[in-house]
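Participant: Here it is, the structure, as structure tokens.
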There are 2 protein chains.
Amino acid sequence: MNLRQLAAQLGLSQTTVSRALNGYPEVSEATRARVRGAAIAAGYMPNPRARGLATGRAMAIGHVIPTSTSHEMMNPVFGDFIAGASETYLAAGYDMTLTLSGDADEADNYRRLKAKGNVDGIIVHGPRIEDGRIPFLTGLGMPFVVHGRASNVGVPYSWVDMNNTGAFRRATDFLLDLGHRRIALLNGLEVMDFAHRRRTGYLDALQARGIAPDPALMRGEEMTEPYGYRAARAMLALDAPPSAFLVSSLISAIGVRRAIEQSGLTMGRDISVLTHDDDFSYLSNGRDLPLFTATLSPVREAGRLAAEMLLRRVADPALPPETRLLEAQLILGASTGPAPS
Amino acid sequence: MNLRQLAAQLGLSQTTVSRALNGYPEVSEATRARVRGAAIAAGYMPNPRARGLATGRAMAIGHVIPTSTSHEMMNPVFGDFIAGASETYLAAGYDMTLTLSGDADEADNYRRLKAKGNVDGIIVHGPRIEDGRIPFLTGLGMPFVVHGRASNVGVPYSWVDMNNTGAFRRATDFLLDLGHRRIALLNGLEVMDFAHRRRTGYLDALQARGIAPDPALMRGEEMTEPYGYRAARAMLALDAPPSAFLVSSLISAIGVRRAIEQSGLTMGRDISVLTHDDDFSYLSNGRDLPLFTATLSPVREAGRLAAEMLLRRVADPALPPETRLLEAQLILGASTGPAPS
DNA sequence: GAGTCGCCCCAAAGCGCTTTGGACTGAGTT
DNA sequence: AACTCAGTCCAAAGCGCTTTGGGGCGACTC
């Protein structure tokens, strides 16, 4: 069933039917009602390709996910982020298309997306420090919003991010207040901007108390469970082991915990662990009784906000860049305690 | 840059340029080379909407993900599955679109997808027992492949699944061979077909040894970490606690482990744990030294296979349904041992 | 009663591509 | 010399929609 058939069936022109359906004022409410009725009765849906051709709009948003920065890893943040974004798209009648990109052809991917023209805007995932994609996309002239930020990018751009520096400064302060002096940082890959910022927050807090950071206590890798395990295991075996771990992901924190317990120590008593928690739907830290003390920042919410922001920019590309900084909450759990003396 | 401009620039007709680019034999190889050269020089990409309008094909595959069967949970399997599928799509020039559906409007979602016509085929995620979507989609006449299966569906259909029944029968047998008699099953939601099959495998194995299943040792919920924790905790507090846990997901198994250790027991010695492992990229069970004994079935591989199968069906919708059953490997880890006497 | 103005509606021109149905060569056949 | 035929190319229709630029008509003004 297409427009022409529907129009014929109603004894109206295609123009009128189209206008009735799209809410134009040139059509009487009576006709509009009649048209609407017939449309749903016939199960009519306008063909989005034809509509897109005519309007120049695709009614779709593209998400480009680097298949992680180094390996074959699928970023676990991604699932919940798009779950949030998708609510927004659904309400606005937008579709969502996915492109996984294996790093190499990054810029090319975006160029192709633009040339094909089947998305109206792009969400950029996993920004790195000085991420070249951002000036590139600005030059491309396609609306985009970054989930996260990139440092040292000359141009202004739109982003939704959490306050990584602030959260990790506060988390480190919290551990320092508990008397910890040797605090390990198990960060994400530090080419990733969020990891870079977290490290900055951590270093700031140490410096403010005059504590020199120990390179042996700082790592930055992809935030898997095994990474947390191995790193913690190695650090606990040092001559001067840390008394606390600051971890960038709940997933890695689970590995840290495994290492701690395997060493015959008790988390929260012998060794403290404070982790960032992206609030994945399947990996709750416990609502009533959180296992880990954590900096909490729901990634799903970030997805919703980023999608809304992008849709605004698609509607009016001339809008000045918009930014949104989310503050993480510091949630008290059972994994932290005073430094043992 | 569009076809017309490119044709004008080359002094050829649109027809010829189109045919040259699409590999039709009616054009000389010399012209074809010239056209190709000009196209890439100009950065020309055919507009997929226009092409879709003309051909009736969308060159896109739709993935419909029920936002879990009950809650707001995003299925963690999904990320790695599409990472696998996306390789296939990329190579074939297909795009991937995502629709998260909140259960309620399931059928409607598919109908809309069909009516809009911007996908050529659909991957169905998270099939439930007697899933109504399957006969519905068969009726719709849109190619689809199910990731998983649905029991008691009258019609034949295409699927890629792992042998859930076999894997859990074997896993249960393995635990029985170690002398365990009270084996708990922490399953996924049992309206989900995969969970139903796993339970069948578990019950089969028990029955074969004449052991009556104990309802107090069987649960089926969404496979989060807290679920594993709470369920294990409750069961360990029973008068007759289990000596082994059979768990449907590594994520929940992590929770089980937490409960075991919190009870002052040692996993692998006092209590055995055997889990299914979907081989998420961020949650490795350890390659060299697996923590958990597990039935392993890479979900990424399943994604690739399902996508390939779907693309075949899109190319030739008359193809008889195709199915692919993957066997899980049983990986020995440190989490299992003989039943304590 | 002529002119003006809203209100409804329509015909037709695109949007950028593919594909049908030829047309025009020059070489090979008879 | 007329005919066929493969090899190249083209004009134009059509995919299903939106949107421009009117057109008709009753209700107001003056």
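Participant: Taking the Cα centre of each part, how many Å lie between the range B:188-251 and the range A:211-280?
Facilitator: If we compute the Cα centre of each part, the gap is 31 Å.
Participant: Report the residue, chosen from A:100, A:246, A:21, that carries the largest GNM mean-square fluctuation when chain A is represented by alpha-carbon nodes joined by springs under 10 Å.
Facilitator: A:21
Participant: Under the definition of partner shielding as Cβ atoms of other protein chains within 10 Å of a residue Cβ, what is the mean value for peptide B:222-229?
Facilitator: That works out to 4 on average.
Participant: Let me ask another. To the nearest 10 degrees, how steeply does helix A:225-236 sit against the main Cα axis of chain A, on a 0 to 90 scale?
Facilitator: 20 degrees
Participant: Peptides A:316-329, A:182-195, B:199-212: what's the order by average Cβ count within 10 Å, highest mean first?
Facilitator: Top to bottom by mean Cβ count within 10 Å: A:182-195, B:199-212, A:316-329.
Participant: Using the beta-carbon distance between residue B:332 and residue B:211 and R0 = 25 Å, what value does 1/(1 + (r/R0)^6) give for FRET efficiency, to the nearest 0.05?
Facilitator: Between residue B:332 and residue B:211 the formula returns 0.60.
Participant: Label-to-label distances across copies for residue B:239, with labels 7 Å out along Cα→Cβ, in nm, shortest first?
Facilitator: Once sorted, the set of distances for residue B:239 reads 5.8 nm.
Participant: Take the Cα atoms of the range A:42-167, find their three principal axes, and give me the spread along each one in whole Å, biggest first.
Facilitator: Projected onto its principal axes, the Cα set of the range A:42-167 covers 55, 29, 29 Å.
Participant: Mind checking the angle between helix B:77-92 and chain B's longest principal axis? C-alpha axes, 0 to 90 degrees, to the nearest 10.
Facilitator: That helix lies at roughly 30 degrees to the long axis.
Participant: Using helices alone, what [θ] at 222 nm do you get for chain B, with -39,500 (n - 2.57) per DSSP H run of 4 or more residues, divided over all residues and rounded to the nearest 500?
Facilitator: That calculation yields -13000 deg cm²/dmol at 222 nm.
Participant: Further question on the same structure: Only four residue types carry charge here, +1 at the Cβ of Lys and Arg and -1 at the Cβ of Asp and Glu. Report the dipole size of the range A:134-202 about the Cα centre in Debye, rounded to the nearest 20.
Facilitator: 220 debye
Participant: Which distances, shortest first and in nm, link residue B:211 to the matching position in the other copies, using label points set 7 Å out along Cα to C-beta?
Facilitator: Counterpart label points of residue B:211 in the remaining copies fall at 4.9 nm.
Participant: If you take the C-alpha gyration tensor of chain A, multiply each eigenvalue by 5 and take the square root, what semi-axes do you get, largest first, in whole Å?
Facilitator: Here the semi-axes work out to 50, 20, 16 Å.
Participant: Next up: Sorted from shortest, what are the nm distances separating the label point of residue A:156 from equivalent points in the other copies, each placed 7 Å from Cα along Cα to C-beta?
Facilitator: For residue A:156, the other copies' label points sit at 6.3 nm, shortest first.
Participant: With every atom except the alpha carbons ignored, what do you get for Rg and Dmax of the range A:164-306, in angstroms?
Facilitator: 14.2, 46
Participant: Report the full-extension gain for the segment residue A:4 to residue A:316: residue separation times 0.36 nm, less the Cα-Cα distance, to one decimal in nm.
Facilitator: 109.2 nm
Participant: Return one number: the angle in degrees, 0 to 90 and rounded to the nearest 10, between the long axis of the Cα atoms of helix A:193-208 and the longest principal axis of the Cα atoms of chain A.
Facilitator: Orientation of helix A:193-208: about 40 degrees from the principal axis.
Participant: Rounded to the nearest 20 Debye, what is the dipole magnitude of chain A about its Cα centre when Lys and Arg each give +1 and Asp and Glu each give -1 at the C-beta?
Facilitator: Charge dipole, chain A, about its Cα centre: 880 debye, nearest 20.
Participant: Pick from B:43, B:148, B:139 the residue whose mean-square fluctuation is largest in a GNM of chain B, springs joining Cα atoms under 10 Å.
Facilitator: Highest fluctuation among the options: B:43.
Participant: In Å and on Cα atoms, what radius of gyration and Dmax does the protein assembly as shown show?
Facilitator: 27.5, 88
Participant: Does the range A:240-341 classify as rounded, prolate or oblate by the C-alpha gyration tensor (a ≥ b ≥ c root eigenvalues; a/c under 1.5 gives rounded; else a/b over b/c gives prolate, otherwise oblate)?
Facilitator: It is prolate, given that a/c is not under 1.5 and a/b is the larger ratio.
Participant: Oh, and also: Find the percent of Cα-Cα distances in the range A:103-171 that exceed 19 Å, and round it to a whole number.
Facilitator: Counting pairs separated by more than 19 Å, the tail of P(r) holds 35 percent.
Every number here is computed from the coordinates shown, using simple stated rules; none is lab data. All of these numbers come straight from a predicted model, not from anything done at the bench. All Cβ positions, even for glycine, are placed from backbone atoms using ideal geometry, and neighbour counts span all protein chains on display.
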